[in-house]
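Trainee: Encoded as structure tokens, here's the structure I'll be asking about.
Where a number appears in this text, it was derived from the coordinates with a stated rule and is not lab data. Fair warning: this is a prediction, and the values are worked out from it, not measured in the lab. So basically every Cβ, Gly included, is an ideal-geometry build from the backbone, and we count neighbours across all protein chains shown.
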């Protein structure tokens with residue numbers, strides 16, 4: 001059997017998404033070497049840990065070397081208990097994911113919120129490179145966010161910085177109150193309106209044909225009147241949610257990530273809709289798509305391990321990597 005030498009020259013990132021687990025390997029200079037993905041074992045914690053470990057081993061087998069491993073998750077590790085909390089992939093909650101992955105792989109593993117990984121990646125050398133204040137938004141299976149100030153990720157003492165998806169939808173209309181039930185136990189969270197699954201459910205409730213969020217956006221772009229009307233309402237809800245973020249932190253740039261970041265309509269409609277809700281006389285906030293695509297988070301996870309001499313190390317360490 002081929003024996004892989006131990007090597008610190010590659011960094012492997014893993015993104016534990018709600019629908020897919022993706023892994024990639026980066027060289028020292030940031031070049032992507034290899035990337036693989038599998039479907040997420042829904043509701044299966046043991047299967048999720050095993051799947052992530054198998055992906056890492058598959059990459060290392062193809063490259064012939066071992067690397068460091070960083071993992072982005074749709075939640076965070078509790079500072080109080082050391083287990084996962086706030087994950088919309090609810091089977092991760094209450095689990096010592098970092099320790100279990102470390103046991104599976106036989107080496108230390110760093111775990112960080114996926115939105116933080118995404119935000120730092122885009123602020124470092126992506127769509128928001130050089131910006132002072134960056135808010136990275138995840139619009140996917142869930143809704144999350146990450147904050148970067150002067151190149152450094154901000155995690156906060158409870159690890160919940162940027163979790164705007166679990167604020168209530170601002171300025172709700174009569175038919176938006178009290179709002180749908182959320183897995184977090186509350187009603188009317190932004191995530192229940194703006195996530196991919198939430199968007200699809202709200203469209204079906206409004207009389208649309210049951211379908212996926214991406215298919216709704218594609219139908220709207222193709223001239224479907226019902227889908228187009230719904231996308232206008234989705235953009236309005238997104239604008240109301242982002243306006244509260246802008247009013248609090250006044251970011252230079254908001255980078256949209258997740259599967260819905262590919263919907264081009266949002267980049268046209270948001271600058272038109274936001275001024276009505278932002279406390280300013282002129283909207284200067286740039287709303288941009290990610291340079292590294294909807295896989296920017298997995299790239300940020302790979303950078304969770306950095307030599308101290310590398311300027312990105314401090315940025316990611318202050319984003320809460322343990």
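Trainee: What is the helix-to-structure angle for 225-249, meaning the angle in degrees between its Cα long axis and the longest Cα principal axis of the chain, kept from 0 to 90 and rounded to the nearest 10?
Mentor: 70 degrees
Trainee: While we're looking at this one, here's another question. So how tilted is helix 45-63 from the main axis of the chain? Cα-based, degrees 0 to 90, rounded to 10.
Mentor: Around 60 degrees separate the two axes.
Trainee: Taking the Cα-to-Cβ direction at residue 107 and at residue 252 and moving 7 Å from each Cα, how far apart do the two end points lie in nm?
Mentor: So the two model labels end up 3.5 nm from each other.
Trainee: The range 121-176: Rg/Rh from Cα coordinates, Kirkwood Rh?
Mentor: 1.08
Trainee: Next up: Among 253, 214, which comes first, then next, by fewest other beta-carbon atoms within 10 Å?
Mentor: Ranked by crowding around the Cβ, least crowded first: 214, 253.
Trainee: Before rounding to the nearest 500, sum -39500 (n - 2.57) across all DSSP H runs of length at least 4 in the chain and divide by the residue total; then give [θ] at 222 nm in deg cm²/dmol.
Mentor: -10500 deg cm²/dmol
Trainee: For the range 127-290, treating each Cα as an identical point scatterer without solvent, what Debye log10 I(q)/I(0) comes out at q = 0.08 1/Å?
Mentor: The computed values of log10 I(q)/I(0) come out as -0.22.
Trainee: Provide the FRET efficiency to the nearest 0.05 for the residue 83-residue 152 pair, computing r from the beta carbons and using R0 = 35 Å.
Mentor: Taking R0 as 35 Å, the efficiency between residue 83 and residue 152 is 0.85.
Trainee: With an 8 Å Cα cut-off and a minimum separation of 6 or more residues, compute the relative contact order for the range 11-114 in percent.
Mentor: 27 percent
Trainee: Taking other Cβ within 10 Å of each residue's Cβ, how do 199, 225, 158, 231 sort, fewest first?
Mentor: Neighbour counts put them in this order, fewest first: 225, 158, 231, 199.
Trainee: Here's another thing I want to ask about it. Using 0.36 nm times the number of residues separating residue 279 and residue 264, minus their current alpha carbon distance, what extension gain do you get?
Mentor: The residue 279-residue 264 span can extend by a further 2.8 nm.
Trainee: Can you compute log10 of I(q)/I(0) for the range 11-114 with the Debye formula, treating each Cα as one identical point scatterer, at q = 0.10, 0.11, 0.15, 0.18 Å⁻¹?
Mentor: -0.25, -0.30, -0.55, -0.79
Trainee: Could you state the number of Å between the C-alpha centres of the range 119-136 and the range 54-90?
Mentor: 22 Å
Trainee: Moving on. Any chance you could list the semi-axes, whole Å, largest first, of the equivalent ellipsoid that the Cα gyration tensor gives for the chain, using √(5λ)?
Mentor: 33, 21, 18
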